[in-house]
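Engineer: Let me begin by handing over the structure; questions about it come next.
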Amino acid sequence: MIKVTRLNAVTSWNRALNAARRTVGKSALKKEPSDSWKAKMLLAEHSPIRLIEYEWTWEQIPQWVTVHFVRHHIGCEKFVHTQRPDRTGSQIPRGEHLQGELNEMDMTANAQEIMAISRVRLCNCASKETKEAWTAMLQELKKIDPVLVSKCVPTCVYRGFCPELKCCGYANTHQFQEAVEKYRKTE
């Protein structure tokens, strides 16, 4: 089972608040912004949200699932445990490792990229294991930033329709309509 063993805030929402205040000529404040302000900034995807960063570790993640996450490259960094025997001391030649072998991976991402990753990795067309890994991270993140997690939705909810070539059918359900309404709330 894929586990998130560490999740930390790298920066605070105060940093984004003061960056936004700077852009309109206001002085910095020494407080966290309201949840409503956070939700509005996330929905608008204004640039200060890129200052909100989190880092986490996945353990027992299949090697092939790490490949899905290393494809994300804007606003994030990834560090996957190497399979190189000259670095690890393993007796298994690199070419003989299996894609299903369990591995460890660290990742750091800003709020905008966390939302962007969610659009792809929460989709019902994503692999079950990749969706499981991302959902595990979001469950941990929700403990420290529930507003950000409330804006982490699949692309269909984000856009209000399914853009996939082969739709899973979720966009035609009552649950989908409820998810869209919930996503768009700022209060």
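The values are calculated or read from the model by the stated rules, or taken from the named source; none is laboratory data. The model shown is predicted, which means the values in this text are computed figures rather than measured ones. In this analysis, Cβ positions are derived from the backbone assuming ideal geometry, glycine residues included, and neighbour counts consider all displayed protein chains. Please note that ligands, DNA and RNA were not included when accessible areas were found on the heavy atoms of the full protein model with its side chains. Shrake-Rupley method; radii C 1.70, N 1.55, O 1.52, S 1.80 Å.
Engineer: Please list, in chain and number order, the residues 5+ apart from ASP145 or on another chain whose amide H is under 5 Å from its amide H, with Hs placed from the backbone.
Structural biologist: For ASP145, no residues qualify.
Engineer: Additional query: Taking the Cβ of THR57 as the center, what net charge do the other residues with Cβ under 11 Å away carry, scoring Lys and Arg +1 and Asp and Glu -1?
Structural biologist: So the surrounding residues net to -3.
Engineer: While we're looking at this one, here's another question. Calculate, for the stretch 1-148, the solvent-accessible area per residue in square angstrom, rolling a 1.4 angstrom probe over the heavy atoms of the protein chains.
Structural biologist: It amounts to 54 Å² per residue over the stretch 1-148.
Engineer: Taking a threshold of 18 Å on the Cα-Cα distance, which of the pairs LYS30/LYS143; LYS3/LYS151; LYS38/LYS182; LYS131/LYS185; LYS31/LYS185; LYS40/LYS143 fall above it?
Structural biologist: Where the Cα-Cα span goes over 18 Å, the pairs concerned are LYS30/LYS143; LYS3/LYS151; LYS131/LYS185; LYS31/LYS185; LYS40/LYS143.
Engineer: Counting each DSSP H run of 4 or more residues in the chain as -39500 (n - 2.57), what helix-only mean residue ellipticity at 222 nm follows after dividing by all residues, to the nearest 500 deg cm²/dmol?
Structural biologist: After summing the helix terms and dividing by the residues of the chain, the value is -12000 deg cm²/dmol.
Engineer: Can you list residues from other chains, or at least 5 along the same chain, whose modelled amide H is less than 5 Å from the amide H of THR11?
Structural biologist: Under 5 Å from the amide H of THR11: GLU53.
Engineer: Here's a follow-up. Carbon and sulfur together cover what percent of the accessible area of the stretch 18-81 at a 1.4 Å probe radius?
Structural biologist: Carbon plus sulfur share of accessible area: 51 percent.
Engineer: Carbon and sulfur: what percent of the stretch 129-183's accessible surface (1.4 Å probe)?
Structural biologist: 52 percent
Engineer: Return the equivalent ellipsoid semi-axes of the stretch 12-57 as a descending list in whole Å, where each equals the square root of 5 times an eigenvalue of the C-alpha gyration tensor.
Structural biologist: 18, 12, 10
Engineer: In whole Hz and in residue order, list the ³J(HN,Hα) couplings for the stretch 110-122 that follow from phi through the Karplus curve 6.51 cos²θ - 1.76 cosθ + 1.60, θ = phi - 60°; x for Gly and Pro.
Structural biologist: 8, 4, 5, 6, 4, 5, 5, 4, 4, 4, 8, 7, 9
Engineer: Over the stretch 60-121, what relative contact order in percent results from Cα pairs under 8 Å that are six or more residues apart?
Structural biologist: For the stretch 60-121, the relative contact order is 47 percent.
Engineer: Quick check: Cα centre of the stretch 148-164 to Cα centre of the stretch 1-59, how many Å?
Structural biologist: Value for the Cα centre distance between the two parts: 20 Å.
Engineer: Just subtract the alpha-carbon distance of GLU104 and ALA9 from 0.36 nm times their residue separation and send over the number in nm, one decimal.
Structural biologist: Roughly 32.2 nm would be gained on extension.
Engineer: Under 5 Å between amide hydrogens, which residues at least 5 positions from CYS162 or on another chain qualify, with H placed 1.01 Å from N in the peptide plane?
Structural biologist: Amide H to amide H, under 5 Å and 5 or more residues apart or across chains, CYS162 pairs with nothing.
Engineer: I would also like to ask the following. Between ALA126 and GLU164, what is 0.36 nm times their sequence separation minus the Cα-Cα distance? Round to one decimal in nm.
Structural biologist: Gain on extension, ALA126 to GLU164, equals 12.6 nm.
Engineer: Here is a further query. Given contacts defined as C-alpha pairs under 8 Å and at least six residues apart, what's the relative contact order of the stretch 1-121, whole-number percent?
Structural biologist: Answer for the stretch 1-121 is 32 percent.
Engineer: Among LEU51, TRP64, CYS162, whose Cα lies farthest out toward the positive end of the dipole of the chain, if unit charges sit on the beta carbon of Lys, Arg (+1) and Asp, Glu (-1)?
Structural biologist: Highest projection toward the positive end goes to LEU51.
Engineer: Something else: Just by accessible area at a 1.4 angstrom probe, what is the order of LEU42, LEU102 from largest to smallest?
Structural biologist: Heavy-atom accessible area, descending, gives LEU102, LEU42.
Engineer: Apply the Karplus parameterisation 6.51 cos²θ - 1.76 cosθ + 1.60, with θ equal to phi minus 60°, to every residue of the stretch 49-55 and state each ³J(HN,Hα) to the nearest whole Hz, in sequence, with x for glycine and proline.
Structural biologist: 5, 6, 8, 8, 10, 10, 10
Engineer: Provide, in order from the shortest bin, the percent of all Cα-Cα pairs of the chain in each 5 Å bin, continuing until the bin that contains the maximum pair distance.
Structural biologist: P(r) for the chain, in whole percents per bin: 1, 7, 15, 18, 17, 14, 12, 7, 4, 3, 1, 0, 0.
Engineer: Still on this model: Using 13 Å as the cut-off for backbone N distance, which residues of the stretch 37-59 belong to the label zone defined by a point 7 Å from the Cα of ARG22 along Cα→Cβ?
Structural biologist: 47-52, by backbone N distance to the label point.
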